[in-house]
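Below is one structure, written out as structure tokens; comments come after it.
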Amino acid sequence: MTEPIAPVFAPGDLVRTRLADPPHHTRLPRYARGAVGTIVEMHGRYPLPDNRARRVPAEPEPVYTVRFAAKDLFGEGSHMVTVDLWHSYLQPAQPGAASKEPS
């Protein structure tokens, strides 16, 4: 058994989601891939569904609520969108980072 992944992000941290398009199940929505958002809160630790769906051992890891501007995800909208995302889907983003990586 490996060491559990410790929470890395805190509320207010900017993060960017992975851009990868895996050939297997993922809970990272396509519309949120490569987008920059803000951590709202951590919900606890849960096994990564991507691995569980493939019957690969999955240690619990932090799951965060991340807030995105709808306009950044969909090209329009003045509201915010929250998505619950596993640690494996996230990386730190720098202030002023582009809202989406180029495709």
Original post:
Taking only pairs six or more apart or across chains, which ones have beta-carbon atoms under 7 Å, a first residue in region 86-103 that is at pLDDT 75 or above, and a second residue that is in a strand (DSSP E or B) and charged (D, E, K, R)?
Top reply: TRP86/GLU61; HIS87/GLU61; SER88/GLU61; GLN91/ARG16; ALA93/ARG16
**OP:** Specify which of the listed residues (ALA93, ALA70) is of a type in the set (A, V, I, L, M, F, W, C) and touching a His at 6+ places or on another chain (Cβ under 6 Å).
**Re:** ALA70
Subject >> Where ASP72 falls short, out of the listed (1) assigned to a strand (DSSP E or B); (2) touching a Gly at 6+ places or on another chain (Cβ under 9 Å) >> reply: (1)
Subject >> region 28-58: number of residues that are of a type in the set (D, E, K, R), over 15 Å from VAL8 (Cβ atoms) and surrounded by 13 or more Cβ atoms within 10 Å (Cβ to Cβ) >> reply: 3
Subject >> In region 37-62, the residues that are part of a strand (DSSP E or B) and among the small types (Gly, Ala, Ser) >> reply: GLY37, GLY44
Original post:
Which condition number does ARG67 fail, the rest of (1) at pLDDT 95 or above; (2) over 11 Å from the mean Cα position of the chain (by Cα) being met?
Top reply: (2)
**OP:** Quick one: in region 70-96, of everything that is in contact with a helix residue (DSSP H, G or I) (Cβ under 8 Å, 6 or more places away or on another chain) and among the aliphatic types (A, V, I, L, M), which residue is nearest to LEU48 (Cα to Cα)?
**Re:** LEU85
Original post:
Among the listed residues ALA58, ALA53, which satisfies the condition of being touching a helix residue (DSSP H, G or I) at 6+ places or on another chain (Cβ under 6 Å) and either among the small types (Gly, Ala, Ser) or free of Cβ contacts under 8 Å to residues at least 12 places away in the same chain (or both)?
Top reply: ALA58
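The values are calculated or read from the model by the stated rules, or taken from the named source; none is laboratory data. Note that the coordinates shown come from a computational prediction; the quantities given were computed from them, not determined experimentally. Note that each Cβ is placed from the backbone with ideal geometry, even for glycine, and that neighbours are counted across all protein chains shown.
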